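Accompanying notes for the structure given below.
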Amino acid sequence: MNMGKPKAADILKALIALLFLAVCTVSAYVMFFSSESQYVKLLLKAAQTYNQGWYRLDAGGNKVELPPLPTKINPKPNGKVRIYHRYASYDKKSICFFTHHQNARLMMDGIVLYRYEMGGGPSWLKSFRAIYHIVDLPITENGTLCLELDPLIKDSRGELNEVYIGDRAEILYRLIKNRSDKIYLGLTLCIFGMIVLLLGITTLTKTDNEKLDLTLIYMGLTDLSLGIWQLEESRILQFFFGSQPLHWCLEYMLQFLILCFALRFTYSITPPRMKGVTNVFSGIILYFAALQLGLQFSGTVQITSSAIMLYMMFISICIYISYLIMFTMRFSSRFLKLSFCISMGVSILMFVLVTLLRSSHSKTWTDFWMTIALIFTFFSLTVVVYQKTVEKFEKIKEAQLYEKLALVDFNTGVSSKTAWFYLVERFDYQEHMGRIYCLIMFDMNNLKKLNDTLGHLVGDKVIKAFCDCMRETFSGKGEIYRIGGDEFICLLEDMDEDEVRALLAEFDKKVANQKESEQKFTVAYGWAMFKPHSREDFVQAQQRADSLMYDMKKRMKSRAAMENEKGPT
């Protein structure tokens with residue numbers, strides 16, 4: 001069998017595959033045989049911890065050594081804590097400490113180097129949030145650092161967090177390194193959310209249904225909000241803007257925004273028969289969300305103390321969404337469904353564990369389990385996005401297929417009457433302003449008589465031969481439309497009258513010499529030149545061409561009648 005010469009595209013694909021294989025092979029070879037090579041230390045190193053050697057003074061002024069930070073100690077009756085550390089350095093360094101809903105002062109030998117106090121907020125807001133503070137230290141041979149912390153809420157009384165020392169670049173590198181898991185997860189969720197949003201917008205633009213499916217839109221907004229929240233949790237955003245009210249909104253108000261998007265996503269995947277259940281479920285969630293916000297705005301209970309309520313709402317939504325997806329969504333494979341069930345189940349268990357840890361005021365492993373929960377949630381949503389994307393694009397392809405089938409005449413393969421009306425109704429008159437078009441009307445002679453005497457199968461074969469003559473003549477020069485049983489329109493663009501006459505003469509020759517059909521046939525036609533400015537111009541051109549076509553048909557019938565009267569010579 002002759003397979004023919006390989007195409008240029010196939011050769012390029014093969015070369016790309018070979019290049020990819022070569023790169024992977026060389027990389028693996030270098031990594032394997034260079035495993036014992038010496039590592040080169042980076043110029044940028046992480047700041048050192050400054051967690052040991054801290055002490056406090058008791059009522060008698062005696063030193064009391066503190067355990068390594070982070071730790072929690074019993075504060076004074078007013079809640080304030082003062083801790084001390086000997087400090088000496090001939091190089092200029094900076095110190096970084098972390099406060100969790102605490103005012104702070106940093107002093108050196110009684111001189112205040114830095115002060116942070118919350119102020120300017122509404123009366124019902126008792127505290128902003130967790131903040132990193134970086135303060136430049138003076139050069140000294142023998143000094144004493146004093147860090148004073150004043151809790152703003154009960155949960156932060158006596159809380160001491162890690163301290164770092166080094167230059168500012170080293171401190172920033174240390175903080176990014178320590179929070180890299182949340183940073184990577186936050187960026188991944190943000191990018192994934194934007195991709196899902198773009199997919200959702202793309203499917204909306206390709207859908208003409210009255211009822212729009214916004215599932216991907218709400219899922220993308222949920223993922224994007226989760227990503228921003230994780231970036232805020234990583235504290236990295238603090239180094240881009242220092243507005244503490246904005247950080248408080250991103251820390252707490254954004255969680256309620258995620259709640260709203262999650263509820264809207266739940267609505268979008270709820271089948272009609274379960275709308276009532278979803279309404280009741282959403283009403284309960286919204287009640288508790290309003291209660292929590294009301295307690296915050298009244299100053300009764302801070303969101304920091306009622307966060308368990310918010311976590312319980314998220315767990316309930318995850319369970320309900322899992323139920324809806326497992327029992328209403330048709331997965332394309334069992335593997336996808338099993339992957340979703342396992343990952344969503346693990347994420348729910350992790351959220352429950354985080355809730356229990358927070359309710360017991362234990363911060364051990366809380367961030368770790370929260371990260372694991374969000375990773376499995378992300379994987380679950382990825383499975384759902386994949387399935388929904390496949391469904392949506394299959395529907396779009398199906399709709400496009402139906403539209404294409406509606407625009408094609410099955411018997412002849414040319415464009416259909418629907419395609420002609422579609423062209424006229426949606427013609428871009430501004431884009432084609434000033435262009436000259438030629439509309440040609442074609443009609444076969446005596447097709448009805450042929451069908452009545454020889455049958456429709458013969459008539460269909462004649463029509464096909466007629467269409468083949470048109471395609472051979474006008475292919476690449478114009479579009480052909482079947483608007484009736486034996487009536488056709490050909491629309492030509494940017495042709496003068498001489499070119500049109502030449503094409504029609506060529507068409508006449510093809511009709512006269514065609515051999516596809518044993519039955520000879522003749523065709524009448526009429527044509528009109530026009531410049532389309534509105535739909536009416538198409539209508540008038542079609543009427544003129546139709547009138548000229550019938551004039552030609554009459555002349556052809558008269559000629560045929562005269563030839564029949566003369567008889568054979």
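The values are calculated or read from the model by the stated rules, or taken from the named source; none is laboratory data. As the structure is a prediction and not an experimental result, all values here were calculated from the model. No Cβ is skipped: glycine too gets one built from the backbone with ideal geometry, and neighbour counts run over all protein chains shown. Ligands, DNA and RNA are excluded from the accessible area calculation, which covers all protein heavy atoms including side chains. Shrake-Rupley method; radii C 1.70, N 1.55, O 1.52, S 1.80 Å.
Of the residues making up the stretch 538-554, not a single one is of a type in the set (Ser, Thr, Tyr), open to solvent by less than 50 Å² (accessible area, probe 1.4 Å) and under 26 Å from residue 427 (Cβ atoms). Residue count for the stretch 49-59 satisfying the condition of being assigned to a strand (DSSP E or B), at pLDDT 90 or above and either hydroxyl-bearing (Ser, Thr, Tyr) or open to solvent by less than 40 Å² (accessible area, probe 1.4 Å) (or both): 1. You will find that of 340, 378, 331, the residue that is farther than 20 Å from residue 259 by Cβ and modelled with pLDDT under 85 is 331 and no other.
Hey, does the stretch 448-455 have a residue that's under 24 Å from residue 528 (Cα atoms), touching a helix residue (DSSP H, G or I) at 6+ places or on another chain (Cβ under 9 Å) and not hydroxyl-bearing (Ser, Thr, Tyr)? No, every residue in the stretch 448-455 fails to be under 24 Å from residue 528 (Cα atoms), touching a helix residue (DSSP H, G or I) at 6+ places or on another chain (Cβ under 9 Å) and not hydroxyl-bearing (Ser, Thr, Tyr). Among the criteria (1) more than 42 Å from the chain's Cα centre (by Cα); (2) at pLDDT below 85, the one residue 436 does not fulfil is (2). Only a single criterion out of (1) within 30 Å of residue 378 (Cα to Cα); (2) part of a loop (DSSP other than H, G, I, E, B) is not satisfied by residue 187, namely (2). In the stretch 442-483, the residue that is most open to solvent (accessible area, probe 1.4 Å) out of those that are over 18 Å from residue 510 (Cα atoms) and in contact with an Asp or Glu (Cβ under 7 Å, 6 or more places away or on another chain) is 482. Of all residues assigned to the stretch 185-207, none qualifies as being closer than 30 Å to residue 86 by Cβ and in contact with a helix residue (DSSP H, G or I) (Cβ under 9 Å, 6 or more places away or on another chain).
Among the residues of the stretch 524-537, the one identified as under 22 Å from residue 498 (Cβ atoms) and open to solvent by 60 Å² or more (accessible area, probe 1.4 Å) is 531.
Could you please let me know if residue 173 is open to solvent by 20 Å² or more (accessible area, probe 1.4 Å), out of contact with any Pro (no Cβ under 9 Å at 6 or more places or on another chain) and assigned to a strand (DSSP E or B)? So residue 173 fails the test. Going by the structure shown, is residue 311 surrounded by 13 or more Cβ atoms within 10 Å (Cβ to Cβ), under 21 Å from residue 248 (Cα atoms) and within 27 Å of the chain's Cα centre (by Cα)? The answer is yes for residue 311. Determine, yes or no, whether residue 492 is under 44 Å from the mean Cα position of the chain (by Cα), modelled with pLDDT of 90 or more and within 13 Å of residue 470 (Cβ to Cβ). Criteria met by residue 492.
Looking across the stretch 339-367, the residues that are more than 19 Å from residue 269 (Cβ to Cβ), of a type in the set (A, V, I, L, M, F, W, C) and either open to solvent by less than 80 Å² (accessible area, probe 1.4 Å) or part of a helix (DSSP H, G or I) (or both) come down to 342, 346, 349, 350, 351, 352, 353, 354, 356, 357.
Against the condition part of a helix (DSSP H, G or I) and touching a residue at least 24 places away in the same chain (Cβ under 8 Å), how does residue 295 come out, does it pass? When the stated conditions are applied, residue 295 does not pass them.
Counting only residues that are at negative phi and either in contact with an Asp or Glu (Cβ under 6 Å, 6 or more places away or on another chain) or modelled with pLDDT under 90 (or both), which one in the stretch 99-118 is surrounded by the most Cβ atoms within 10 Å (Cβ to Cβ)? Top of the filtered list is 102. The set of residues from the stretch 90-132 being part of a strand (DSSP E or B), within 19 Å of residue 72 (Cα to Cα) and of a type outside the set (D, E, K, R) comprises 96, 97, 98, 99, 100, 102, 103, 104, 106, 130, 131, 132. Within the stretch 60-81, the set of residues being touching a residue at least 24 places away in the same chain (Cβ under 8 Å), surrounded by 12 or more Cβ atoms within 10 Å (Cβ to Cβ) and not β-branched (Val, Ile, Thr) comprises 66, 69, 70, 72, 75, 79, 80. Listed by position, the helices (runs of 4 or more DSSP H) contained in the stretch 200-292 that have at least 1 residues being open to solvent by less than 50 Å² (accessible area, probe 1.4 Å) and among the β-branched types (Val, Ile, Thr) are 215-233, 254-269. Scanning the stretch 492-522 for residues that are free of Cβ contacts under 8 Å to residues at least 60 places away in the same chain, closer than 18 Å to residue 444 by Cα and open to solvent by 20 Å² or more (accessible area, probe 1.4 Å) yields 505, 506, 508, 509, 510, 512, 513, 515, 516, 518, 520.
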